[in-house]
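Shown next, in structure tokens, is the structure this report addresses.
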Amino acid sequence: MARQLIDQFAAKVPADKRAAVYLGTKTTHEKRTQMLLDQFADPDRLRQLAGEIKQHVLENLDTYLPQVEAKLTANGARVHWAATGEEACATVLQIMQARGATKMVKAKTMVSEEIGLAGYLEKHGIEALETDLGEFIVQIDHDHPSHLVRPIIHKNRREIAQSFEREGLGVYNDDPATITRRARQYLRHKYMAADVGLTGANFVSAESGRLLVVTNEGNSRFSLAAPRCHIALVGIEKLVPRDRDLGLFLNLLARSATAQSLTVYTEFISGPKLPTQPDGPEEMHVIFVDNHRTEVLASDCREILRCIRCGACLNVCPVYRQVSGHAYRSVYPGPLGAVLSPLLAGGHFADQADLPKASSLCGACQEVCPVNIPIPDLLLRLRDKAKREHATLAAAGTPPMGAWAILASQPVVWKAALAVGQIMDYLPLGLIPVPALRAWTARRTLPGWRGGEFRKWLKNRNKS
Amino acid sequence: MSDSREQILNRVRAALAPLLQRAPLPEWERELVDLRGTRNSTDLWALFAERLKAVNGTPLTTVAELVALLESNGWRHGYCDPALWPRLREAFSTAFTVETDFDRRRIDDYQFGITAATGAIAETGTVILSDRDTSRRLGALAPWVHIATVRRDQIFADLTAAVAALPVDPNVIWVTGPSKTADVEGILIEGVHGPGRQITLLMAG
Ligand code: SF4
């Protein structure tokens, strides 16, 4: 029986990496829980409320999207719409070419990973440099991020030091402080030389058109302080109704993601810089990206679009902790990715239809989710979809059910099996030479055979 | 591009059309997001100072302390907001080189930058900078040390109050402690792209 792809991958994860991912995720998860419980009277209500607000936005996007477009335009930003990932990439390229720009600094944005922006721009002769330390290391290694918030949770300092040496960023030194200093020194001149700073947005207020961008390192701020043009790539689901709601989401985001009260830099951007401000972008573009999101909106899994990419569900997930991010073969790992990736795959759903099976349905993901997404339910809906669409990948690892089907659908066979089952009481199970079975029976005894009891009970009940 | 706009909005409308009813917008009480033990605080500077220290920032109440700190670390070359400099200059000895214009071509020359904050948030130890009040985005960002000046009457108790008072300004940034990362093996390192030292100086009136 072929194993699931994710199991095959998990079997190859080296023990030290598995331990690092396990420890990193577990620590963050525990701190996050402690912090929410210590600081708020009713943190669970907060999550539910945030979920209700996002659900409201999703179900009213037809109103909010034109509203935010009008606000942003009035604030002096240019709004673009991209139906597909390719169109979003092409739009970025056009904006750059119109300015004669060849250099971009990029803050971390998941949607740019999703559409493969950096690779696309490089093919067109544009330097598109990742500036988040983790993403920078991913980029020089031609690797992929393995966690939403901690992209290089799968790498150790020795590997990073080797990459730096190879890239000419100093002789081998695996001290994390030295690694960070070297990146600082290298990147600060890149910001100054770049024409365009690209960011995502964690939230966008429909009321004011404010984009909210958070980072700890300050790379997004630098990307908006040195370059003269700002491009923001924003998924159409990122809206919140009012500025006031931004406060609610800010209270939840950093605590859920990294167990901080607030990220170090929390930036509200509603347009190009003031004329009196010497630094920052004179030109601001906001690209709203669909790329299959409207299909998700039309599906019975639309709740997944509430996601604020905090990573809490990854940190708590017993499967993610064992297999780590690359096992999900997509930009979005963990329980979130198991739902979102197959949906965003559009016509290629079948290629990722196995991901929703990578879950024990324990429910921990929903319990920690700051927008209370019913992830276990969505996983079940996608399993059902995979079955209906005969996705073969999803079937791997499933025990053949043929024999069971005969047994369960033919009363005569069923009755015979029940009678034969009594033999179990007399078999010396401990002597069967299968190690797993032996280990199991060495400490446990099977209960006595009770096959047929229910039928007897039902019969008697009907008589009386 | 406008084709895509119509296409996306049409798809959104089509996706939502089958919904019998749409989820309402819930109202919520600000008490829900009150942090335990924050709002009863009367001395907002004291609370701010405590929380700033908790994120490895440095609260100071006199210019003399600031000058001593800079001196003891050998940070003698910096940038200062031209509007602030007349009030600070007499505390700085001639050993310092302080420029009131920031030269983009020499960002590595500045060891510290002094700029005015628009406000602060006590419960999180956050300073608020904006395009209107902060002389230079780069002056507050590129040097190793950033000093933000703030007045008592500019301090908000909590995040909710600060959001409610967001100024009309294209760019507002909240800064909570020094720039930091834990990307390498989860080890905390400060001073990644932004300042490694974040100081707030309390100014009178
Ligand atoms: S699904 Fe929920 S917990 Fe997971 S990343 Fe998204 S918001 Fe966070």
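The values are calculated or read from the model by the stated rules, or taken from the named source; none is laboratory data. What you see is a predicted model, and the numbers here were worked out from it, not measured in a lab. We place every Cβ from the backbone using ideal geometry, glycine too, and count neighbours over all the protein chains shown. What goes into the accessible areas is simple: the full protein's heavy atoms, side chains included, and nothing from ligands, DNA or RNA. Shrake-Rupley method; radii C 1.70, N 1.55, O 1.52, S 1.80 Å.
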Item checked: From the options B:R136, B:R132, residue that is of a type outside the set (G, A, S), in contact with a Phe, Trp or Tyr (Cβ under 6 Å, 6 or more places away or on another chain) and in a loop (DSSP other than H, G, I, E, B) -> B:R136
Checklist line | Of the criteria (1) away from the ligand (no atom under 16 Å from the Cβ); (2) in contact with a Pro (Cβ under 6 Å, 6 or more places away or on another chain); (3) within 10 Å of chain B (Cβ to nearest Cβ), which one A:C229 fails | finding: (3)
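Here is a yes/no grid of residues against (1) within 16 Å of the ligand (Cβ to nearest atom); (2) within 14 Å of chain B (Cβ to nearest Cβ); (3) in contact with a Pro (Cβ under 6 Å, 6 or more places away or on another chain); (4) among the β-branched types (V, I, T):
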position	(1), (2), (3), (4)
A:E367	yes, no, no, no
A:P370	yes, yes, no, no
A:I375	yes, no, yes, yes
A:L378	yes, no, no, no
A:D384	no, no, no, no
A:G402	no, no, no, no
A:A405	no, no, no, no
Notebook entry, point to check: What about A:R150, is it at pLDDT 95 or above and either within 16 Å of the ligand (Cβ to nearest atom) or basic (K, R) (or both)?
Noted result: no
Notebook entry, point to check: Restricting attention to segment A:362-394, which residues are on the phi > 0 side of the Ramachandran plot and crowded, with 16+ Cβ neighbours inside 10 Å?
Noted result: A:N372
Note to self: Is it the case, given these coordinates, that A:A358 is away from chain B (no Cβ under 14 Å), open to solvent by 10 Å² or more (accessible area, probe 1.4 Å), within 14 Å of the ligand (Cβ to nearest atom) and among the aliphatic types (A, V, I, L, M)?
What the structure shows: no
Check: How many of the residues in segment B:46-96 are buried (at least 19 other Cβ atoms within 10 Å of the Cβ) and farther than 24 Å from B:L138 by Cα?
Finding: 4
Next item on the list: Please indicate, with yes or no, whether at least one residue in segment A:105-123 is surrounded by 16 or more Cβ atoms within 10 Å (Cβ to Cβ), of a type in the set (D, E) and without any contact (Cβ under 8 Å) to a residue 60 or more places away in the chain.
Entry: no
Check: How do the pairs read when you match residues in segment B:3-28 that are more than 7 Å from chain A (Cβ to nearest Cβ) with residues anywhere that are open to solvent by 20 Å² or more (accessible area, probe 1.4 Å) and of a type outside the set (S, T, Y), using Cβ under 6 Å and keeping only pairs 6 or more apart or on different chains?
Finding: none
Next item on the list: Look at segment B:139-150 and say how many of its residues are buried (at least 24 other Cβ atoms within 10 Å of the Cβ) and not in a strand (DSSP E or B).
Entry: 5
Next item on the list: Select from segment A:420-464 the residues that are outside any helix (DSSP H, G or I) and under 23 Å from A:L407 (Cα atoms) and write down the one among them that is most open to solvent (accessible area, probe 1.4 Å).
Entry: A:R450
Notebook entry, point to check: Does segment A:161-175 include one or more residues that are within 19 Å of A:K108 (Cβ to Cβ), of a type in the set (A, V, I, L, M) and assigned to a helix (DSSP H, G or I)?
Noted result: no
Margin query: Residues that are more than 10 Å from chain A (Cβ to nearest Cβ) and within 20 Å of A:S223 (Cα to Cα): does segment B:166-175 have at least one?
Written below: no
Check: Within segment A:281-355, which helices (runs of 4 or more DSSP H) (wholly inside it) include 2 or more residues that are within 12 Å of the ligand (Cβ to nearest atom) and either under 25 Å from A:C89 (Cβ atoms) or open to solvent by less than 10 Å² (accessible area, probe 1.4 Å) (or both)?
Finding: A:312-316, A:334-344
Checklist line | From B:G119, B:G125, residue being buried (at least 19 other Cβ atoms within 10 Å of the Cβ) and in contact with a Lys or Arg (Cβ under 6 Å, 6 or more places away or on another chain) | finding: B:G125
Notebook entry, point to check: Which residues, counting only those in segment B:93-123, are within 12 Å of chain A (Cβ to nearest Cβ) and out of contact with any helix residue (DSSP H, G or I) (no Cβ under 6 Å at 6 or more places or on another chain)?
Noted result: B:D101, B:D103, B:R104, B:R105, B:R106, B:I107, B:D108, B:Y110, B:T118, B:E123
Note to self: I need the full set of residues from segment A:106-138 which are of a type in the set (S, T, Y) and within 17 Å of the chain's Cα centre (by Cα), in order please.
What the structure shows: A:T109, A:S112
Margin query: Being open to solvent by 20 Å² or more (accessible area, probe 1.4 Å) and either hydroxyl-bearing (S, T, Y) or in contact (Cβ under 8 Å) with a residue 12 or more places away in the chain (or both) is the requirement here; does B:P167 meet it?
Written below: yes
Next item on the list: Return a yes/no flag: does segment A:219-233 have any residue that is assigned to a loop (DSSP other than H, G, I, E, B) and not aliphatic (A, V, I, L, M).
Entry: yes
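Looking only at segment A:152-168, decide whether some residue is β-branched (V, I, T), away from every other protein chain (no Cβ under 11 Å) and more than 20 Å from A:H285 (Cβ to Cβ).
No: zero hits.
Is there a residue in segment A:78-89 that is among the charged types (D, E, K, R) and in contact (Cβ under 8 Å) with a residue 40 or more places away in the chain? Give the derivation first.
Applying the first criterion (among the charged types (D, E, K, R)) to segment A:78-89 yields A:78, A:86-87.
Now narrow it down to the ones that are in contact (Cβ under 8 Å) with a residue 40 or more places away in the chain: A:78.
Yes.
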Notebook entry, point to check: Got at least one residue in segment A:254-267 being within 16 Å of the ligand (Cβ to nearest atom), in contact (Cβ under 8 Å) with a residue 60 or more places away in the chain and in a loop (DSSP other than H, G, I, E, B)?
Noted result: yes
Margin query: Against the condition open to solvent by less than 20 Å² (accessible area, probe 1.4 Å), assigned to a loop (DSSP other than H, G, I, E, B) and not basic (K, R), how does B:T200 come out, does it pass?
Written below: no
